[in-house]
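**Student:** Structure provided below as structure tokens; questions to follow.
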Amino acid sequence: RALAPNATRGMIVDMAAINPKQWADDHYRPLANPVDAIIYETHVRDFSIMANSGMSNKGKYLAFTERGTTGPQKVATGVDSLLQLGITHVQVLPVFDFASIDETKPEEYNWGYDPRTYNVPQGAYATTPHGSARISEYKRMIQSLHSAGIGVIMDVVYNHTFAINDSAFDLLVPHYYYRTDDYGNYSSGSGCGNEVACERPMVQKFVLDSLTYWMREYNVDGFRFDRMALIGIDTMKAAAQALHAVNPDALIYGEPWTGGLSALPSQQIVYKGRQKGLGLGVFNDNIRNGLIGSVFDHSAQGFAMGAPFKVDI
């Protein structure tokens, strides 16, 4: 739950002692109905990093605490621009500790889909990766957005990890946390060299504990699951139940597809349609492709891009 830079050591922190002022008064963003959500996806660093963003804390969590910022020609930036858009929620690309960048080098960049330590905020987005700044400043970001009437959704990647043999999972119990084939080889339904075995009891417990921890400790309003199909129907059902027990308005949704052949039994894979009754939503690539065209074949246009025959889709 707390780390030295680049996860070289764990750290003991009194979480309550470092909470922002008035953190006890911070609340989730309520919705009358999940379909009322208007979600804006962003990368914490990208949100403010431009030289002309008008923000002081460029590339940092604290950029989301700044108000009244403008760019060229006095165009609103930052949170003020989000309010102009009329959104209800910000979905942030992964903000847990990920492995592909050196947290002490602010110029390094990645999207963050390479998990290393699931329950700690990424230190590169804090004013310093040392100490507890990453914890208190991520909370300040959430507090600021909530005060503006905007909820926060975390993009989470429980389907795979960056490393395998030297990952925290494999160091604890080799092979238990990952799916393998009949020969003991790691399967790669994620397309990233491994897939986390969320159907196994202690792995499922870890995922549920992690999700409820983020919701209780950081007051996040929901989760977008990367490669959600690989998490499995049973685990996603349990996750939805656990999260809605904490916050009945929690938004839970994700990608109903894999990145390759999975060792998860096919009846457990969360494909489109299988989310019914689970208390969660899925992306629909049929609607996406009908609107904007294929993301794989740029010559295949959608209705919004000039293909009128797609109107019935």
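The values are calculated or read from the model by the stated rules, or taken from the named source; none is laboratory data. Remember, predicted model here, so these are calculated numbers, not experimental data. Note that we place each Cβ from the backbone using ideal geometry, even for glycine, and neighbour counts take in every protein chain shown. These accessible areas exclude ligands, DNA and RNA; they are computed on the full protein's heavy atoms, side chains included. Shrake-Rupley method; radii C 1.70, N 1.55, O 1.52, S 1.80 Å.
**Student:** Of PRO30, ASN6, MET55, which is farthest along the charge dipole of region 1-58 in the positive direction, counting Lys and Arg as +1 and Asp and Glu as -1 at C-beta?
**Tutor:** Most positive-ward Cα: ASN6.
**Student:** As a quick test, which of the pairs LYS205/LYS272; LYS272/LYS310; LYS105/LYS237; LYS74/LYS139; LYS58/LYS205; LYS139/LYS237 have an alpha carbon distance above 31 angstrom in this structure?
**Tutor:** Table pairs above 31 Å Cα-Cα are LYS105/LYS237; LYS58/LYS205.
**Student:** So if I place +1 on the C-beta of Lys and Arg and -1 on the C-beta of Asp and Glu, and nothing else carries charge, what would the dipole magnitude of the chain be about its Cα centre? I want it in debye, nearest 20.
**Tutor:** With Lys and Arg at +1 and Asp and Glu at -1, about 480 debye.
**Student:** May I pose another question? Label-point separation (nm) for SER210 and GLN267, each offset 7 Å from Cα along Cα-to-Cβ?
**Tutor:** 2.7 nm
**Student:** Rounded if a/c is under 1.5, else prolate if a/b is larger than b/c, else oblate: which is region 1-96, with a ≥ b ≥ c the root eigenvalues of its Cα gyration tensor?
**Tutor:** oblate
**Student:** Scan around LEU251 for amide H atoms under 5 Å from its own, H built in the peptide plane at 1.01 Å from N, and keep only partners 5 or more places away or cross-chain.
**Tutor:** GLY222, PHE223
**Student:** Magnitude of the Cβ-charge dipole of region 1-95, K/R +1 and D/E -1, about the Cα centre, nearest 20 debye?
**Tutor:** 320 debye
**Student:** How many angstrom separate the Cα center of region 195-215 from the Cα center of region 55-126?
**Tutor:** 26 Å
**Student:** Sticking with this structure for a sec: First select every other residue whose beta carbon is under 14 angstrom from the beta carbon of ASN57; then total the charges, Lys and Arg +1, Asp and Glu -1.
**Tutor:** Summing Lys/Arg as +1 and Asp/Glu as -1 gives +3.
**Student:** Give a quick list of trypsin sites (Lys or Arg not before Pro) in region 274-311 that DSSP marks as loop, anything other than H, G, I, E or B, with at most 13 other Cβ atoms within 10 Å.
**Tutor:** Taking region 274-311 and a limit of 13 other Cβ atoms within 10 Å, the loop trypsin sites (Lys or Arg not before Pro) found are LYS276.
**Student:** Let me ask something else about it. Taking 0.36 nm per intervening residue step and subtracting the Cα-Cα distance, what contour gain separates ILE18 from THR128 on full extension?
**Tutor:** Working it through step by step, the gained length comes to 38.1 nm.
**Student:** Another question about this same structure. Between the DSSP loop rule and a limit of at most 11 other Cβ atoms within 10 Å, which trypsin sites (Lys or Arg not before Pro) in region 1-109 are left?
**Tutor:** Sparse-neighbourhood loop trypsin sites (Lys or Arg not before Pro): ARG9, LYS21.
**Student:** For a Förster distance of 25 Å, can you work out the FRET efficiency between the beta-carbons of SER100 and ALA307, rounded to the nearest 0.05?
**Tutor:** Efficiency for this residue pair is about 0.10.
**Student:** Further question: HN-Hα J couplings of region 136-141 from phi, Karplus 6.51/-1.76/1.60, θ = phi - 60°, integer Hz, Gly and Pro as x?
**Tutor:** 5, 6, 5, 5, 5, 4
**Student:** Using packing as a proxy for protection, rank 85-97, 230-242, 102-114, 151-163 so that the peptide with the highest average count of other Cβ atoms within 10 Å comes first.
**Tutor:** Packing proxy ranking, top to bottom: 151-163, 230-242, 85-97, 102-114.
**Student:** Quick check for you: with a 1.4 Å probe and neighbouring chains kept, what is the accessible area per residue of region 99-191, in Å²?
**Tutor:** Values: 3660 Å² over 93 residues.
Counting only protein heavy atoms, the per-residue value for region 99-191 is 39 Å².
**Student:** A follow-up question, please. Between GLN84 and ILE49, what FRET efficiency follows from the Cβ-Cβ distance if R0 is 30 Å, with the result rounded to 0.05?
**Tutor:** Efficiency for this residue pair is about 0.90.
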